Each structure stands twice: as C-alpha cells, then as structure tokens.
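Before any comments, here is the structure.
The values are calculated or read from the model by the stated rules, or taken from the named source; none is laboratory data. What you see is a predicted model, and the numbers here were worked out from it, not measured in a lab. We place every Cβ from the backbone using ideal geometry, glycine too, and count neighbours over all the protein chains shown. In case anyone asks, the SASA skips ligands and DNA or RNA and just uses the protein heavy atoms, side chains included. Shrake-Rupley method; radii C 1.70, N 1.55, O 1.52, S 1.80 Å.
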Amino acid sequence: MLRYLTAGESHCRELTAIIEGMPAGLDVASADIDREFKRRQSGYGRGGRMKIEADRAEITSGIRHGKTLGSPIALVVKNRDWENWTSIMSPDAIGASAEKAVTRPRPGHADLTGGLKYGHRDLRNVLERSSARETTMRVAAGAIARRLLGEFGIEVYSWVTEIGGVKGKFTGAPGALFRSAEGSEVRCPDGAASKAMMERIDKAKAEGDSLGGAFEVVLTGVPPGLGSYVQWDRKLDARLAFSLMSIQAIKGAEVGLGFSVASLPGSEVHDEIFYSAKGKSARFWPRRPGFTRKTNNAGGIEGGMSNGEPIVLRAAMKPIPTLYKPLRSVDIETKKPFKASVERSDTCAVPAAAVIAEAVVAFEVASAFLEKFGGDSISETGRNYTAYLDEIARY
Ligand code: EPS
C-alpha cells in the first residue's frame, strides 16, 4: 500500500514527509522534486513568504544513487524563515517566547475551531500547522508519485480556469494546454484571461482583499480498471475528490461534467461506446482494446473505476482567509469584537493550488495503480502491467 505522512509547522525548523510502499528501482532525483517545489512557490499574487523560501528537497532515506530502495522514503525541507522564529517556535520551554501569540481568530481559517478542539489559548498553535505551508510536503510526495506514473506513460496536467470571477476560454489537447499554462503567471492557458486575472489580483491586493478561483487537473494514459465498484472506499472518483478536498482552502471538487450533470438529460451525459479494430490505437495508452468513446463527460471514471479515457477533475478554491482588510472577529481572551488578526499571506494562491492538486491526485492514482499491479520493484510492476494490457487487448 502506498501512503505518506507529512509533519511540520509553517515556521518550525523543517518540514518532513515519509512515503511508504514505493517499489524499488524507480529513478528519482531531488531535481524532480525541486522542480515541483518551484512551481508551487510561483504564481502571480503569492505573498512575502515565497520571497524568503527557496524550497529544496533533502532526501534522507529510501533512495540511493538516484533509485528507490523499496524502503520508506523520508524527505526534509528546511524553513529558511526559521531563523526569525527560533524562540517563538522553540520546541523547548526554556528560552521560548510567547511573542506573536494570536488571540483573534481569522474567519475562514482553522484558528477558532482549532483552539476549541485542542484547547489552545494561543491560536498560533493552530495556524502554524493549518497553514498552506504544509502543502510543500504534499508536493514532494506527489513529485515521487509522478515519477512512478511517468514510468508507465501516465501524465498529470493542470491549468487555472477562473480567478475571482475572471474565466478563461480555451480548448485543446491536455499537453498543449499545460504548456500554455506553464507560460502564464496565473497558469491559465488563455493569454487574455491571464492578463485580466492579474489585473483582478492587483485590484484585490490594493483593496486589502483576497481571491479564490477554480482549476482543472487532467491525467492521460491511465488504463481502465484502477479503483473498484465493489466497495464504497475503493471508488477512484471518491478517493480523488477526497484528495482534492484535503488541500487547504478547497471548497468543491468534481469529476468530468461534475455539477453540470444536474441539468442535463442522460442522452447528453453518458459517453456512448463504439468498437473498431482500429480503436486499438495507442491513444493515451498502449495496446488499448477496440472499445472507443467519442465523448468523455464521465471524466475518465465510471462505476468508481478509470475507464481508459483521460481523468478530468475540477476544484474550487476559496479566497485566502487572511485579509489585509480584516473581517470582524472576537478576541478569545477579552471576548471583545476585533478586526481579525492579519498573518502574512497571499492575495491569490489558485495557481499554486493547481500544482498542489496535481501532486495529491498523482499520489492517489499511483496508489490505485500499485493496488492493481503491485510489485516490490518497478520491473515487477511493469511485468504485471504489460500482462494486463495484453489481456484486455484480447477482450
Ligand atoms: C504559504 C506559507 C505561509 C503563507 C501562506 C502560503 O507562510 P507564512 O505564514 O510564513 O506567510 O504565506 O499560507 C496562507 C496564506 C495560509 O492561510 O495558510 C505557502 O507555503 O504556500
């Protein structure tokens, strides 16, 4: 079973991730991870912290001479900002400082509810872990999962579709859209919309406000049969929605047409099935059987299983809860109304959220892939996968 844990507060010494279950023999270089870190840290509208950090992965176990060993993979990212927080975030009581205590919870963040749940009077004890800083290590785990998927021709793409009400209009093949998105400061393939989105971000920043938005994640090359209909918690769409919803600030997730299915008749939703010997094209993945579709409203998942079409996911991100034009709140000590405290923050982090979503989705699909094809080594996983493709090609 492929699983991972992350640990670390936003301003502690370092962040940690441990990945368990990755087969041996997978090529992984820290550059594969650092590349994704850089993508996560970028995006128009990101805040001051991104100028402090230049996240780099320290691989402390599970990889030797550039290949996984099959043992747990531990990754560490040092927080450069730690030097400014050594007494405030000191693990030891001796020499610790109560400076920067937070008693005014920010609406929309974990502050108040986390204080109630864990009995914290200093809400910094909540916000340090609930911060989006934690997503650094989710991207690290996802970067390694992406390497596994890449070995089997599975690609992961994302692009921003909306920021603060400004929507992009674009169509095209996933790879082309991804390349356009990578050239945009807001990761939107529509150049004109990108410009309008940046202007919208500037306006929000000037007003001390923040913006959310929406993005798509698309995977190509996924074979049919990942996930299962036989048990509720094995349904791939449910697991992918879970992974998207687990990212800070995500308030909605959908697969394929998503909420649009509510207003459409079945005859306009379900993807008709055709057969042609020519259908055995290597479109998206090798040696596919002759069954083909002309539409993909299901977003590549039917009955809780990948169906061989591209997996298409969409998510909506709420505006960052820290506003420089703070909302009303109440001091948990004096119970007096206050303007919520301001923590350094981003005006918009939707481009970053799309990168984080690629990572968490890649991990979940890699986990489903290994559940089906197993293997203690990549070569064993590959033998199992090839045998399956040969089998379904004869179906
Ligand atoms: C972030 C790290 C945080 C925030 C931001 C994004 O760093 P710091 O708290 O030191 O500024 O900048 O997180 C939030 C806005 C939030 O509300 O969680 C990051 O690494 O993505």
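Scattering from the range 43-191 was approximated by placing one identical point on each alpha carbon and applying the Debye formula without solvent; log10 I(q)/I(0) at 0.19 1/Å stands at -1.25. Among beta bridges from DSSP that stay inside the chain, the antiparallel ones total about 95%. Near the amide H of residue 159, within less than 5 Å, lie the amide hydrogens of 216, all on another chain or at least 5 residues away, with H placed in the peptide plane.
What does the convex hull of the Cα atoms come to per residue for the chain, in Å³?
Values: hull volume 60.5 nm³, N = 395.
In the chain, the Cα hull volume divided by residue count equals 153 Å³.
For the range 3-393, the relative contact order works out to 22 percent when only alpha carbon pairs closer than 8 Å and six or more residues apart are counted.
In debye to the nearest 20, how big a dipole does the chain give about its Cα centre with +1 on each Lys and Arg Cβ and -1 on each Asp and Glu Cβ? Could the numbers behind the result be given before it?
Values: 55 positive and 48 negative charges, 121 e Å.
For the chain, the charge dipole is close to 580 debye.
What FRET efficiency, computed as 1/(1 + (r/R0)^6) with R0 = 56 Å and r the Cβ-Cβ distance, is obtained for residue 101 and residue 67, rounded to the nearest 0.05? Between residue 101 and residue 67 the formula returns 0.75.
Sequence-ordered 3J(HN,Hα) estimates for the range 319-324 from the Karplus curve with 6.51, -1.76 and 1.60 and θ = phi - 60° stand at x, 3, x, 8, 10, 6 Hz, glycine and proline given as x. Shown are 111, 209, whose ranking by accessible area with a 1.4 Å probe and every protein chain present, most to least, is 209, 111. Across the cross-link table entries 167/336; 318/339; 203/251; 100/318, which are compared at the Cα atoms, the separations over 31 Å belong to 167/336. Helices in the chain that qualify as membrane-span-like (whole DSSP H runs, Cα extent of at least 18 Å along the helix axis, mean Kyte-Doolittle hydropathy of -0.5 or higher) are 135-151, 191-206, 350-373, 378-393. Annotation: aspartates and glutamates with alpha-carbon distance below 20 angstrom to residue 78 (same-chain offsets under eight excluded): 9, 14, 32, 34, 36, 53, 55, 58, 92, 128, 134.
The order of the peptides 228-236, 257-265, 293-301, 355-363 by mean Cβ neighbours within 10 Å, most packed first, is 355-363, 293-301, 228-236, 257-265.
Partners of residue 294 within straight-line reach, counting aspartates and glutamates whose Cα lies under 18 Å from its Cα and excluding those fewer than 8 residues away in the same chain: 268, 271, 272, 302, 309.
Accessible surface for residue 267 stands near 110 Å², nearest 10, in the context of the full protein assembly shown (1.4 Å probe).
Of the peptides 174-181, 148-155, the order by per-residue mean of other Cβ atoms within 10 Å, starting with the highest, comes out as 148-155, 174-181.
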